[in-house]
Amino acid sequence: MFGVSCAPEMFQKFVEKLLLGCEGTENFIDDIISHGSDELEHDIQLDKGYLLRMLKENNVLLNHTKCIYKTNRIKFLGHQLTGKGVQPPEKYMKAIQTLKKPTNIEEIPRFLGLAI
């Protein structure tokens, strides 16, 4: 169809296929996360576990200014990922806490859209 581009979906599938052999690795489009149950497991999966080598062998360039290494908390797809699980970002929590109560029927969908 005119104006339809499937490039993002094709790129997502390409990166997914590259990462098939990489344990503890997830991606969304061009964002790649490597994780482990502890620092040692993470380092093994990142270095010896194929990920960095595979990216280099396939000429995938990393923007090192955006790379974050050895952290226990990251923002990914609008959520905070931590060792304790998935948590909403602090800015969303503050917005919900300071939101005024709905006073009429028109304000309820706006409140629910933010809270859910």
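Arranged from fewest to most other beta-carbon atoms within 10 Å of their beta carbon, Val15, Val86 become Val86, Val15.
Here the spin labels are modelled as points 7 Å beyond Cα on the Cα-Cβ line, and at Ala95 and Ile108 they lie 2.2 nm apart.
Every number here is computed from the coordinates shown, using simple stated rules; none is lab data. No experiment lies behind these values; they were computed from the predicted model shown. In this analysis, Cβ positions are derived from the backbone assuming ideal geometry, glycine residues included, and neighbour counts consider all displayed protein chains.
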